[in-house]
Amino acid sequence: MNVGNLLLWMMFFLSITTVMQKNLFHAVLMRMALSAIAVGAYAVYLAPDVAITEAMLGAILTTFVYILILKIPGRIRVGYIPLRFLFEEYPWGFDGIQYEIVRDFARRYGYRLEYEKFDDERDLIEALKSGYIDLACGPILTFEEDLGVLETRIYRIGDRNVDFLSLQRKISDGILNGEDVEDFKEGWYTVGFSRSHPEFKEFLKMMRSNGAIDRIKEKYVR
Amino acid sequence: MISIIIGVSIMTVGMIRATFERRFQVKLHFVGLSDVVGTTLVIIGLIWEKMADLELLLALVFLVIWSPYLTHMLMKAYLSKVGKR
């Protein structure tokens, strides 16, 4: 196999790899490698003009445009059910433990936030699963301590699990009666995140480990 | 000829490592180095063997100046998007 053929095979292999990449940054990187190898291949096949054009357009300009596009800040849609201490809605904006965590996440990763209000927990969870929203705030529960933002009790009422704050609200609205509670276990409130933002899990763990969540919590719950 | 062979070998090793490496930073490191050095060696080898014109040096100049800069920009964009972990 001569050098030209080897470079052509490498280009073939890299082009398939580029298409198969799921992460955009990885795809741009492989595309950059493909162009650089193409420059070598054109040079070997004694086509200097094409090699120069490929170096300028393929390796440099195209990569530059891709990087510019990737740097444009993304948008995150936050679904929420207003709940005391966690995600409170005021005429002038939002407040609460979950809100501060989501706001810090957006600041750190350069996202722009959009909010969508939900009335029902099932609709909120469904919207998160379908990818309509990226983050879910309100009575989102977890049993993983790493992901917890506030301790709570999860009560069993019939075949449903209801958290402490939602139960309080439902009792005050007259929807439920405190005597309906059958059993409870310890759990945590968290912020739900979609599969398209796995970095949120790392962010929550980092906030928990450096004590940032405890500092936010102290502002609201004493 | 030896320069061309070394250049292609470096590109091959860089490509294989970049393809099978999972971490973006390591991928970028391999691609950024192997492609510039590999292409440079191939083009210098071709000119040395008098198989190509000096015209090819222009392509080399573009690559040598811009490729490290683009690698740097790509890493900056990645860090600003994903965060410094």
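Just so it is clear, none of the values below were taken in a lab; they were calculated from the coordinates. Since we're looking at a predicted model, the values are computed, not measured. Here the Cβ positions follow ideal geometry from the backbone for every residue, glycine too, while neighbour counts run over all protein chains shown.
Above 34 Å, the calculated P(r) of the protein assembly as shown contains 43 percent of its Cα-Cα pairs. The trypsin sites (Lys or Arg not before Pro) found in region A:9-90 that occupy coil by DSSP, while having at most 12 further C-beta atoms within 10 Å, are A:22, A:84. Within chain B, the ratio Rg/Rh, alpha carbon atoms throughout and Rh by Kirkwood, equals 1.07. Assuming 0.890 mPa s and 25 °C, estimate D for region A:85-133 with Stokes-Einstein, Rh taken as the Kirkwood radius over Cα pairs, in µm²/s. D = 203 µm²/s.
Where in region B:1-76 are there trypsin sites (Lys or Arg not before Pro) that are in a DSSP coil and have at most 13 other Cβ atoms within 10 angstrom of their Cβ? If you can, show how the numbers build up before the last one.
Numbers: sites: B:17, B:22, B:23, B:27, B:50, B:76; in loops: B:22, B:23, B:50.
Counting only loop positions with at most 13 other Cβ atoms within 10 Å, the trypsin sites (Lys or Arg not before Pro) in region B:1-76 are B:22, B:23, B:50.
Legend: ranking of residues B:3, A:194 from fewest to most surrounding C-beta atoms inside 10 Å; resulting order B:3, A:194.
With respect to chain A, whose longest principal axis is taken over its alpha-carbon atoms, helix A:97-109 is tilted by about 10°. All distinct Cα pairs of region A:5-104 go into the 1/r average, and the inverse of that average, the Kirkwood radius, is 17.0 Å. Within straight-line reach of residue A:22, meaning a Cα separation under 24 Å, sit the following lysines at least 8 residues removed in sequence or on another chain: A:71, A:129, A:201, B:27, B:76, B:81, B:84.
When the GluC sites (Glu not before Pro) in region A:153-213 are filtered for DSSP coil states and for at most 11 other beta-carbon atoms within 10 Å of their beta-carbon, the remaining sites are A:182.
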